[in-house]
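The values are calculated or read from the model by the stated rules, or taken from the named source; none is laboratory data. Predicted, not measured: the structure shown is a model, and the values here were computed from it. Cβ coordinates were reconstructed from backbone atoms using ideal geometry, including for glycine residues, and neighbour counts include every protein chain displayed.
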Amino acid sequence: ESLILSETESEVESETESLVLSLVLSDRESLILSETESLVESDVESETESLVLSLVLSDRESLVLSETESLVES
């Protein structure tokens, strides 16, 4: 009887250990996923910002050019 009990205990222990391990791994996985998502989001944000900035600058540049041209013409 005590042999059966100790075997059962050891089974329960190993089950528990594997459960804990899988929880830890799943937590780590979701952490990595959320880190990756936020990195991707920040990349996309900065790409968008730089695109907008370059559009604004190019607009300003063409405005300055056309102003300069009209000044030169007159």
(message) Kindly evaluate E35 against the criterion of being modelled with pLDDT under 90, surrounded by 10 or more Cβ atoms within 10 Å (Cβ to Cβ) and not hydrophobic (A, V, I, L, M, F, W, C).
(response) no
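Go through E11, E1, E15 for me and flag whichever is loosely packed, with under 10 Cβ neighbours inside 10 Å and more than 26 Å from the chain's Cα centre (by Cα).
Result of the check over E11, E1, E15: E1.
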